[in-house]
Amino acid sequence: MASSQPNDNDETPKVLLTSPSVERRPQPSASQDPPRRRFQLQNHSEGTSKRHVRLETPSGVRSSASSIYLGSYGHRRDRSGVSIAGSTKSPGNSVPGTPRASMSHSHLEDLLLDLNLDLETYGVEELRDGFFDASFFKPPRTDHEHLMRDAEYTLPAAFQNKHPLSPSNFLPKQWQGIKTVCRSVTTTRAGIKLTKSFLGFFVAYILCLVPSVREWLGRYSYVMVISAIINHPGRTVGAQLDGAFLTILGTATGLGWGAFALWLSDSTGPARRGYGGILAAFLVIFMGTIAALRSYFIRMYQLVICAGIAVTFTCLADTSTNLDWQKLFSYGIPWLFGQALCLTICIIVVPDAGARPLAVSLHDAFGVMHQGLVLPHPDDIMLHRQLAWTFVGLSQAYRDLTLDISITRFRPSDVMMLRNLMQSVIRSLLSLKKDTQLFDEFGDRRNRPGTPEPEITRKPTRFSKIMSPTTSNPTHILQASLDISQSGDDAVITIDGPKHPGIRRTDTEVEAIQLVADKLAEPTTELLSCMRSALARCDAVLMDMSGHRMFLGPPKSVSSDILGALTRIRRSMIKYDEEEDNLLEDPRLPPTYSNHPEVVELFLFVHPVRQAASSVEALLVKVNEMQQKHRGWRIYLPSYPWAKSLQRTNAQVRHDRGGVTAGFYFRSQSQLARTMKGMANIYQPLPARQNSKELDSRQDEVIRTDSMGKYEEEEDVAMSRTSHASKKKKFRYKLWVILHRLQGFETRFALKVIITTSLLSVPAWLSQSRGWWNEYESWWAVVTVWIMSHPRVGGNFQDLVTRALCGVLGAVWGGLAYGADNGNPYVMAVFAAVFMIPMMYRYTQSSHPRSGIVGCISFVVVSLGAKAADGLPSVAQIAWTRGVAFVVGVVAAVIVNWILWPFIARHELRKALSATLIYSSIIYRGVVAKYVYYQDGEEPQEKDIERSEMLEGRLREGFVRIRQLLALTRHEVRLRGPFNPLPYSALIDGCEHFFEYLVAVRQSSLFFHPRFMSDNEQAAESLLAYRRDAVAAILMNLYVLAGALRGDRKLPRYLPSAAAARKRLLDHMGELEASQAASSHVPGKERDSQDQNQTATRPEFVNLERSSVASSKEKEGPRWAQIYSYSYSQNLTGCVKQLEVLQKYTKEIVGEQGFDHIDASVYEDLSYERT
């Protein structure tokens, strides 16, 4: 027995029981520098550590499984039906690697590098009754600096600029901004938009300077100018009509409610004595209601904003016990004239009825798609994000077209189909390998006569000569000569992964690679060239139809011959298919590709190009149809669904209300939450066995999952029509739903509005303060609070300073405008033009609209208010009193938003990442259940694929919005220190990569399905536990990561090893495939075994991906199934690899929960005493 005394290193020895019959892995020598480990375990080799003591097995005891005490375990049943050498020992390492397993093992090497992982079970398995069995290993040591360096490459483009809160960068940033604005206004469409916006204000301002007009409109004649500012004419005709209707309706509603409050407060003697309380009650009720409507329905923004201003004016302006009904007309009539003036200017001056924004979106989308076909691209990360943004922008462009009245040549139904087809093309481009490093080794290194070397101005990449559109000889794209010396030079191949030097190719491998490159070089080149030309011609045709080609492009040199492009791309596709068929039938091509990963990567590169060509062909067909019809200009009424339109609004209103980034983010998150909630409880695990009678009897019942929570059960009982719950219970649940909904941000915003507006309105109803309140028109402070408030984003310190400064600047400049020449209208007009041109630009086109509108309104109120009062009592008093009112309103709105339920971008970012991880787990579970492990007869149909693509599109938008939210963190002041965005950016990028792996798994599964997994019941049953552990390990990791981010809690140090679970699954699959391969040589069973062992192609889904092909040829089906089996397996392994990245960066964000330090001396004393 080993001694328990301390050894030379003063450490307690560990006793290790081993069997001499087990073969040990050779250990690296001490002189070798081992690579960085992902998992670190103690090596068990003899002589490697003095802390380990090995006890030899007694000679009389067998080392087989029969000598092991089983306890609650049992011998594994050989469910495959094939005995493996008659031994109970798992064949494990003795089984030759299967194609999928061998290629996936190469990807798992990085995760299990130098891990002495003994997966030997000796024929024993645990009877877990379906429970998840996790493996835990010591986590790797993380190099923080290395992680942060990698994270720098994932930062959004906004972080390339200097920090917005940097004092040293403030003045240079302002000067650069001024130059950018001047260039934009003088050279782009922004100048026309600014001209229209300013013209609406300036005409109204000039009319208010005319004495006769000012006297006829009344004391508050400047309301016409404010009306022209709020619904300025710098928008489309449809949006202007919609805004005019909503603002007039809102103003009438506010005036009507205020008039009713005034009438009631003057109806009786007691009411007159307490008129202030009546007005306060009516104001609180109305402001709370419209604040909630402002949050619930974005489409009603213009209505409620004008209603709030009108009711504030009615209840707080000129408050007195003696009512003056004339003030209602002095507000309402100028407002009507302001809207009529803006509508007239919008229709007459360079009108735009929605055709130009659509044309701009389409033109920009074609430009990005054209860049997506430039292979390789100098910035793959930015290109991927641009494609994702374009995918989202196309949906937004169609939505903006159908929200309002439009005059265009495009039918909304055609635009919807065009959007879907363009998104299909983008989806295909996202699946292309943008920068492959494979073909450079087979590039033409021999100087051919008459073939000039192309000049590449981009950064040198391994595929630049092959795929650049500037190549003078495009037929050399894939055409290659090996030029590999027969002396055995090593060749390095890297495809989307780290380099592994020293890969030596055999002559057979070299011949196979050369064969594929020779056959598919020219047709692939032609396909890429045809697609680029086709997209350019589609762009030209659509711009011609829109009437904006002269301003947007493309140049006239680009042809509009769609039929020619369609004919050319179809010929190229036919040629490619012929060459592909000849290649697949070539006897020189290896029968299997397990030892030819380069050939697999070649096929996986060229086949998505062929699929992208099919998407482009469908787009050409639609554009050709639109070109043939060539409709004229027509008026189209709003066609967007009414219920959905309440949650949407046009582009200009989205900008003017502010908080665009946060609004888009919360909208996308709410959409995802609703979609994922519907998917969360619909998954049903496959039953082990179930009688047909039981299945028929349960078809009409609600089948519950074990994961359904109590709230879901209550909802199911109370809301189901077939439920037998009492009416009282259903009523109580519905009442709870309403009250629970009132706890949302909408009610919180309404409460904040009520608090600020009611407290600031108190002086209006007190006799002590009523005099100065009416004299100084302090009710503008309440109006400012209402305008500055936002349901989501209250504003940061920079916003507070900027808005208050704009309010003060507008008041001072308004006072100077009147005081420069004692109210000379010409001088005031000049002052107005000088100040309002930049301020209108800030309100209508910059990223800070709320500071712009404060400056505009404060200037109008002070300058025209002084003009109406003839400068009495003094211009200075008018300027500073109104200016203080605006500053108080700005400060109150921002401060209350800071105190009550503030919006903090970095907190929302952490919650968004938590939700994204949960959504990733749901999608992973759905892909595995619907596309990978399904029963016969439950194959995914076309509607399932469309739903998956829709869900993927929404998740892509989610990543776009989360990155925009990350950019908002730069504008927040953090007292504890600067916020580090690097781990957050890297985690977003990691989640997106995990999602892309899932998309690739789904797409690969359309071509491949392991038939023996489902057809062979014994094999499927044998794999069930391993599949469950592999899937559950990933799901549990994602759930733990999401929970840690959501609660801002430290992450456990030890997490289930998804890599080990994946390796066990691959090893067991190798055993089953090797066993069935051995059984295929048994007489009488050869045909059955081959039918079970072969992989199944799914031609009906191949047609979904390649719609232009008449049918999926049976000859190429098994070949492509085999090729995509590798992609399928590698992408599932890629999910495991990406999970490790998610763990590392999550720990960087929330920290790692370790163990308390144990005093070694105390531990040694205790152990010695016990011994």
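The values are calculated or read from the model by the stated rules, or taken from the named source; none is laboratory data. Keep in mind it's a predicted model, so treat the numbers as computed, not measured. Reconstructed Cβ throughout: ideal geometry from the backbone, glycine too, with neighbour counts over all protein chains shown. These area figures cover heavy atoms from the full protein model, side chains too; ligands, DNA and RNA do not enter into them. Shrake-Rupley method; radii C 1.70, N 1.55, O 1.52, S 1.80 Å.
Odds and ends about this structure:
- For the range 284-344, the fraction of alpha-carbon pairs lying more than 19 Å apart is 44 percent, rounded to a whole number.
- Whole-number percent relative contact order across the range 863-1014, with pairs defined as alpha carbons under 8 Å at least 6 apart: 32 percent
- Per residue solvent-accessible surface (Å²) - the range 726-778, probe of 1.4 Å: 63 Å²
- Local electrostatic count, Asp656, Cβ distance below 10 Å [Lys/Arg +1, Asp/Glu -1]: +4
- P(r) tail for the range 742-808: Cα pairs beyond 21 Å make up 38% of the total.
- Checked against a 25 Å cut-off, the cross-linked pairs Lys752/Lys911; Lys138/Lys1063; Lys327/Lys867; Lys433/Lys519; Lys138/Lys930; Lys193/Lys752 give Cα-Cα distances beyond that limit for Lys138/Lys930; Lys193/Lys752.
- Computed from point charges on the beta carbon alone (+1 for Lys and Arg, -1 for Asp and Glu), the dipole magnitude for the range 591-652 about its Cα centre is near 640 Debye.
- Solvent-accessible surface (1.4 angstrom probe) belonging to Glu949, in square angstrom, nearest 10: 50 Å²
- Backbone amide hydrogens, once placed in the peptide plane, bring Leu1051 within less than 5 Å of Gly1151, Glu1152, Gln1153, excluding anything fewer than 5 places away on its chain.
- For Val762, Val1136, the ranking by accessible surface with the largest value first comes to Val762, Val1136, using a 1.4 Å probe.
- Distance from the alpha carbon centroid of the range 1132-1155 to that of the range 571-603 works out to 38 angstrom.
- Each Cα pair under 8 Å and six or more residues apart adds its sequence gap; the mean of these over the residue count of the range 325-415 is a relative contact order of 36 percent.
- Remark: the range 509-548 carries a charge dipole of roughly 240 debye about the Cα centre, counting +1 on each Lys and Arg Cβ and -1 on each Asp and Glu Cβ.
- Put the Cα centre of the range 146-177 next to the Cα centre of the range 353-418 and the gap is 28 Å.
- Charge tally in the Cβ shell below 12 Å around Gly958, where Lys, Arg are +1 and Asp, Glu are -1, Gly958 excluded: +2
- Shown here for the range 292-342: chymotrypsin sites (Phe, Trp or Tyr not before Pro) in loop regions (DSSP other than H, G, I, E, B) with at most 16 other Cβ atoms within 10 Å, namely Trp325.
- Label zone (Arg741, point 7 Å along Cα-to-C-beta; backbone nitrogen cut-off 17 Å) within the range 628-643: 643.
- Kirkwood Rh in Å, taken over all unlike Cα pairs in the range 217-267: 12.7 Å
- In Å², nearest 10: area of Lys728 left accessible to a 1.4 Å probe: 140 Å²
- Solvent accessible area, Å² - Ser639, 1.4 Å probe, full protein context: 70 Å²
- Placing R0 at 45 angstrom, the Cβ-Cβ distance between Leu759 and Asp380 gives a FRET efficiency of 0.25 after rounding to 0.05.
- The range 868-910-the range 546-561 distance, computed between alpha-carbon centres (Å): 49 Å
- Taking all protein chains together and a 1.4 Å probe, the residues Met1069, Met950, Met369 rank Met950, Met1069, Met369 from largest to smallest accessible area.
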